[in-house]
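**Q** Dropping the structure in here first, questions after.
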Amino acid sequence: MMHYTPAMVLDELPPERPPAGPGACTRVLTAVHEATAGFAVPAAGGERPHILPLVQSAAFDYPDAASADLAARGQGYLYSRVGNPTVEAFARVIAELEGGAGALAFASGMAAISAALLSRVRAGDRILAADGLYGTSHELLTGLLPRYGVETDFVDACDPSAVERALRPTTRVIYVETITNPLVRVPDLPRLAAVARAHDAALIVDNTFATPLLCRPLEHGATLSLHSASKYLSGHGDLIGGVVVGGDADLARVGEVLKIVGGMMDPFCAWLALRGVRTLALRVERQVASAQLIAATLAETPGITRVAYPGLRAHPDHEVAQRVLRAPGAMLAFDVGSLAAARRMYDRARLVRRAASLGEIDSLFTHPVSFSHRGVPAAERERTGITEGLLRLSVGIEDPTDLIDDLLQALNAAPGL
Ligand SMILES: *Cc1c(COP(=O)(O)O)cnc(C)c1O
């Protein structure tokens, strides 16, 4: 096995918050235990299950009318579309990690995004959204919402003055992602929050790529933060889910949509997500450390023309990332110069899997031009830097030196092999 030393292209990471409290792994486990303790069923001697039971039940039985009355008044469980202990426990964990008053869990990231946006707009309102959003979010904004009289303007969210200029009197929401796909751009959330506040608009942030460990958008002034739980939060690629975090009043508006549209997370999904999230900090720490090493190595590898990673000084948002993110994340993209070279490297990878997701324990490759950005016109792709030779890597938990060996052998495999 070879040994790699990171090239001197990465700045030191900002130090962890002062050691005033427990570390990230401890915080995650404590959040899970606290969320669990509130719901567990005490047994005869006061013992509780160590792991929260899966409450896979549509409804709840009442011993009498008084008990049913309590549930009807919102002081007990009624029906699992409206509330379920396992689902609420998962949501509480994420609220705790994000520093929000509360959270709601959804059947998918898209259900979370739809409910968050629908909670803020009515016909005639406008949304101001970042260029380069997750593809299905873009479809929601351009394909579905206009049918109901809600139009969206798009803007380079990494240019706060452009965002200010793009606001219109009817703009109610600014919608951005903490780290974009695949070029890992990082908008200045505190500045966008100030712009939104001055305009009396909500700032809604898709925090999927950053995880609550690297960014807590509410602390930067966001109104709502949301995730696809299908990615880092659950981490094992075995479920589809979403979550929205926010203050009580903002979340109540989202809850009204959830209750009616019905995109709640299923209890079994929540139980799996609770299992996955226990190792969130451990996974992310490993993944970020590996991503830094890989980015630094690829940046110095002949045949690679460009590496997009916020930890590199050459990245356009390097300085913003140092303020907004606790670490530069575990997503990166790099250009191998041509369509043929990209497809060859994609094919030749052995450890890195070829799956259309991210944030899993396995490292995953996508080739944006072939998949996520297939429908984007070539001129538009080139303008936004989504070149034919670009590959996106979601760094997993494999040993970093093995990953680097795999990437280099895949890159250097002779054409036609
Ligand atoms: C995957 C993803 C979504 C959509 O989430 P689903 O769980 O697939 O519905 C939204 N935003 C980002 C950034 C994602 O990566």
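The values are calculated or read from the model by the stated rules, or taken from the named source; none is laboratory data. Note that the structure is predicted; figures quoted are calculated from it, not measured. Positions of Cβ are generated from backbone atoms using ideal geometry, with glycine treated the same way; all protein chains shown enter the neighbour counts.
**Q** Does the range 189-206 contain any residue that is within 22 Å of ARG283 (Cβ to Cβ), assigned by TED's automatic domain parsing to the domain that holds ALA130 and within 13 Å of the ligand (Cβ to nearest atom)? Before you say what the answer is, go through the steps one by one.
**A** Pass one, the range 189-206, residues within 22 Å of ARG283 (Cβ to Cβ): 205-206.
Filter again for assigned by TED's automatic domain parsing to the domain that holds ALA130, leaving 205-206.
Now drop any that are not within 13 Å of the ligand (Cβ to nearest atom), which leaves 205-206.
Yes, some residue in the range 189-206 is within 22 Å of ARG283 (Cβ to Cβ), assigned by TED's automatic domain parsing to the domain that holds ALA130 and within 13 Å of the ligand (Cβ to nearest atom).
**Q** Among GLY109, GLY132, which is the only one that is at pLDDT below 95 and within 17 Å of the chain's Cα centre (by Cα)?
**A** On inspection, the qualifying residue turns out to be GLY132.
**Q** LEU233 fails exactly one of the following numbered conditions: (1) within 14 Å of the ligand (Cβ to nearest atom); (2) surrounded by fewer than 22 Cβ atoms within 10 Å (Cβ to Cβ). What is the number of that condition?
**A** Result: LEU233 fails condition (2) only.
**Q** Considering only the range 364-383, state which residues are crowded, with 20+ Cβ neighbours inside 10 Å and hydrophobic (A, V, I, L, M, F, W, C).
**A** Residues satisfying the conditions are LEU364, PHE365, VAL369.
**Q** Continuing with this model, one more query. For residues that are within 14 Å of the ligand (Cβ to nearest atom), outside any strand (DSSP E or B) and of a type in the set (Gly, Ala, Ser), tally how many sit in the range 209-230.
**A** Residues meeting the conditions: 3.
**Q** Scanning for something modelled with pLDDT of 95 or more, more than 29 Å from ARG383 (Cα to Cα) and not assigned by TED's automatic domain parsing to the domain that holds THR366, does the range 171-186 turn up at least one residue?
**A** For the range 171-186, residues modelled with pLDDT of 95 or more, more than 29 Å from ARG383 (Cα to Cα) and not assigned by TED's automatic domain parsing to the domain that holds THR366: absent.
**Q** Could you pull out the residue among VAL352, VAL324 that is within 20 Å of PHE209 (Cβ to Cβ), among the β-branched types (Val, Ile, Thr) and over 18 Å from the mean Cα position of the chain (by Cα)?
**A** Numbers: VAL324 fails: over 18 Å from the mean Cα position of the chain (by Cα).
Testing whether each residue is within 20 Å of PHE209 (Cβ to Cβ), among the β-branched types (Val, Ile, Thr) and over 18 Å from the mean Cα position of the chain (by Cα) leaves just VAL352.
**Q** Here's something else I'd like to know. Tally time: how many residues in the range 82-102 are within 16 Å of the chain's Cα centre (by Cα), surrounded by fewer than 24 Cβ atoms within 10 Å (Cβ to Cβ) and more than 13 Å from VAL277 (Cα to Cα)?
**A** Summing the residues that are within 16 Å of the chain's Cα centre (by Cα), surrounded by fewer than 24 Cβ atoms within 10 Å (Cβ to Cβ) and more than 13 Å from VAL277 (Cα to Cα) in the range 82-102 gives 1.
**Q** Continuing with this model, one more query. SER67 - would you say it is of a type in the set (Ser, Thr, Tyr) and either free of Cβ contacts under 8 Å to residues at least 60 places away in the same chain or not assigned by TED's automatic domain parsing to the domain that holds ALA273 (or both)? Let's see the steps before the verdict.
**A** Working: of a type in the set (Ser, Thr, Tyr): yes; either free of Cβ contacts under 8 Å to residues at least 60 places away in the same chain or not assigned by TED's automatic domain parsing to the domain that holds ALA273 (or both): yes.
Spelling it out, SER67 is indeed of a type in the set (Ser, Thr, Tyr) and either free of Cβ contacts under 8 Å to residues at least 60 places away in the same chain or not assigned by TED's automatic domain parsing to the domain that holds ALA273 (or both).
**Q** Another question, then. List the strands (runs of 3 or more DSSP E) that sit entirely inside the range 278-388 and contain at least 3 residues that are in the same structural domain as PRO212 (by TED's automatic domain parsing). Full working, then the answer.
**A** Working: elements: 306-308, 331-335, 364-366.
Output list is empty.
**Q** Given ALA166, ALA107, ALA103, ALA130, which one is touching a strand residue (DSSP E or B) at 6+ places or on another chain (Cβ under 6 Å) and within 12 Å of the ligand (Cβ to nearest atom)?
**A** Working: ALA166 fails: within 12 Å of the ligand (Cβ to nearest atom); ALA107 fails: touching a strand residue (DSSP E or B) at 6+ places or on another chain (Cβ under 6 Å); ALA103 fails: within 12 Å of the ligand (Cβ to nearest atom).
One residue alone meets the criteria, ALA130.
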